[in-house]
Amino acid sequence: MCVPSNLFYMVDLFLKKGINQKWPTLRSRSSKLFKKKPVEVFVKTKMTTSVAKKRFLVNQMPDFAENQVEVPTEQIIKQINEYISDIRENFQPTERNGKDGLYLGTAGVAYMYYHLSKVPAMGARREELLREAVEYLRPALDVCTYEVNEMNIPGLLLGNCGVYAVASAVFAATGEEKESLRYRELYNDAAKYCKELNFLPYGSDELFVGRAGYICGAIWMSRQTAKAFKTEDIFDLCRIVVLSGKQYAQSTKTPSSLMYSYYDVEYLGAGHGICSILLILMSVPGYLDANPLDAKVVQDAVDYLLSLQDEHGNFPAATDEIKNQSNELIHWCHGAGGVVYLMAKAYLSWKNDKYLKACERAADLIWEKGLLRKGPGLCHGVAGNGYVFLLLHRLTGKDKYLHRAIKFSEFLEDAHFKQMARVPDNPHSLFEGIAGTVCFLSDMLQPQNAAFPFLDVF
Ligand SMILES: [Zn+2]
């Protein structure tokens, strides 16, 4: 089976399969920073025509050479301000834009403002940023009041719970404790919906709408609000995730100790795949220590994934791609750009250099082939791949990776990139659009705390 090159296909498929008939048809919006080209014309400037047809633009920027690395703070703040103006102008906090969860809707922009409010370099603007966060949350919270299908409620990136988690964090930051508690309770209450082994008919364990996403959001909300998550519920859900993965692996006789499918595809990457499921299991404080048998199958599954890294440093998008030697997708959602978070967590947890080497190989590949034509975003764009360097910088302390992250941020301003990049379907959103790019840029201002949204492995 051909694995879709664009995660959006899966989102679309998810919509088509009718899990939630109320999700609107996905729509295109314009962005003044990334204009749609009238005709797909490949211009020979820095690239050859054959290369131009590839998924990425050739990286001709200088790599690190033992020089001083200095984050261009003023330039980055200027970029952030331009993106924010674009969002304010073209993606307003209306109920229409409030749909589609954190992934595409205004709640994702609220997340961006909240994230900015925590960046020390933005400290003078904290109150204004939090006000904007609340403004962009409101329509998403309104949408949640009529999105009452039990299957949709627990979803982190496409569902109500992601909106509740951000609301709880934002209201805690604004000092509105009652509101914060209200959304935390709504979040916690949703655990009951995903305790059924197959609560979704097409795969119940992945990050966007499944159990791993729910657990991930609970951990994130707990960290943000400094309030403990409900350990009994979260541990129950971890047990169910492991059971589900064991049962599937045994029934399909896969070589991995755990395996999952989503719409009949055994995805391996971060988008819908096993790598983010394993990462979340490893991220629940205390769970694997308390459950050594589960810890063993998780580590075996991580090692199985590690064995799939190809000679270039990439990972196949799904098991049916394993024998394909041209694993071309190098995104956060599919390939090395997402699996690297699991390998980083494995290195931090088990201190074995083989996981660190896997991260470094992935980062080298992303430096070479990570300037994606798909645009500036997180899920399958330049900022998502740029985050890998911030991860490696935190992991290793090496300036080389900070240098590479800076170069990726500069590339976003490159006139050639702006001309060649595709405009995402939702150009202002958190995962496809510039709201996510702003998160990446703002983390350049605090590289010691940088983390891809919801996936802080440290
Ligand atoms: Zn994607």
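The values are calculated or read from the model by the stated rules, or taken from the named source; none is laboratory data. Everything numeric here is computed off the predicted structure, so don't read it as measured data. So basically every Cβ, Gly included, is an ideal-geometry build from the backbone, and we count neighbours across all protein chains shown. Heads up: the accessible areas ignore ligands, DNA and RNA and are worked out on the full protein's heavy atoms, side chains in. Shrake-Rupley method; radii C 1.70, N 1.55, O 1.52, S 1.80 Å.
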Normalised by the residues of the chain, what does the relative contact order come to in percent, with Cα pairs under 8 Å and at least six apart? 19
With label points built 7 Å along Cα→Cβ from the Cα atoms of ARG96 and GLU70, find their separation and express it in nm. 4.7
Mind putting a number on the dipole of the chain about its Cα centre? Charges go on the C-beta only, +1 for Lys and Arg and -1 for Asp and Glu, and I need it in Debye to the nearest 20. 740
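Counting only protein chains, not ligands or nucleic acids, how are THR437, THR231, THR396 ordered by accessible area (probe 1.4 Å), most first?
Result of the area sort, largest leading: THR231, THR396, THR437.
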How much of CYS144 can a 1.4 Å solvent probe reach, expressed as accessible area in Å² and rounded to 10? 10
FRET efficiency for LYS351 and ASP320 from the Cβ-Cβ distance with R0 = 22 Å, rounded to 0.05, comes out at 0.10
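Which helices, counted as full DSSP H runs in the chain, have an axial Cα extent of no less than 20 Å and a Kyte-Doolittle average of -1.0 or above?
In the chain, the long hydrophobic H runs are 73-90, 126-146, 160-174, 211-225, 231-252, 292-307, 336-350, 353-369, 382-396.
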With the Cα gyration tensor of the chain in hand, convert its eigenvalues to equivalent ellipsoid semi-axes via √(5λ) and list them largest first in whole Å. 30, 27, 22
Quick one: if the Förster radius is 30 Å, what FRET efficiency do ASN81 and GLU177 give, using the C-beta to C-beta distance and rounding to 0.05? 0.45
Take the alpha-carbon centre of segment 134-181, take the same for segment 393-446, and report the distance between them in whole Å. 27
With every protein chain left in place and a probe of 1.4 Å, what is the accessible surface of LYS54, to the nearest 10 Å²? 100
Roughly how many Å is it from the Cα centre of segment 231-279 to that of segment 90-132, as a whole number? 32
Considering only Cα-Cα distances, which of the following residue pairs are longer than 26 Å: LYS323/LYS407; LYS323/LYS354; LYS246/LYS323; LYS192/LYS374? LYS323/LYS407; LYS192/LYS374
How do TYR347, TYR387 rank by accessible surface area computed with a 1.4 Å probe, from largest to smallest? TYR347, TYR387
LYS118: which aspartates and glutamates have alpha carbons under 14 Å from its alpha carbon, excluding same-chain residues fewer than 8 sequence positions away? GLU127, GLU128, GLU132, ASP443
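Report the full-extension gain for the segment GLU311 to GLU89: residue separation times 0.36 nm, less the Cα-Cα distance, to one decimal in nm.
75.4 nm
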Rounded to the nearest 10 Å², the accessible area of GLU128 using a 1.4 Å probe with every protein chain kept is 80
Give the long-range amide H neighbours of PHE56: residues separated by 5 or more places, or on another chain, with amide H under 5 Å away, using H modelled in the peptide plane at 1.01 Å from N. ARG373
Restricting to aspartates and glutamates and to Cα separations under 13 Å from LYS230, and discarding same-chain partners fewer than 8 apart, the set is GLU185, ASP189
Expected output is a single nm value to one decimal: the length gained when fully extending between VAL148 and PHE458, i.e. 0.36 nm times separation in residues minus the C-alpha distance. What is it? 108.2 nm
Could you put MET112, MET61 in order of accessible surface area, largest first, with the 1.4 Å probe and the full protein assembly present? MET61, MET112
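Please report the net charge: other residues with Cβ closer than 15 Å to the Cβ of ALA65, K and R +1, D and E -1.
In short, 0.
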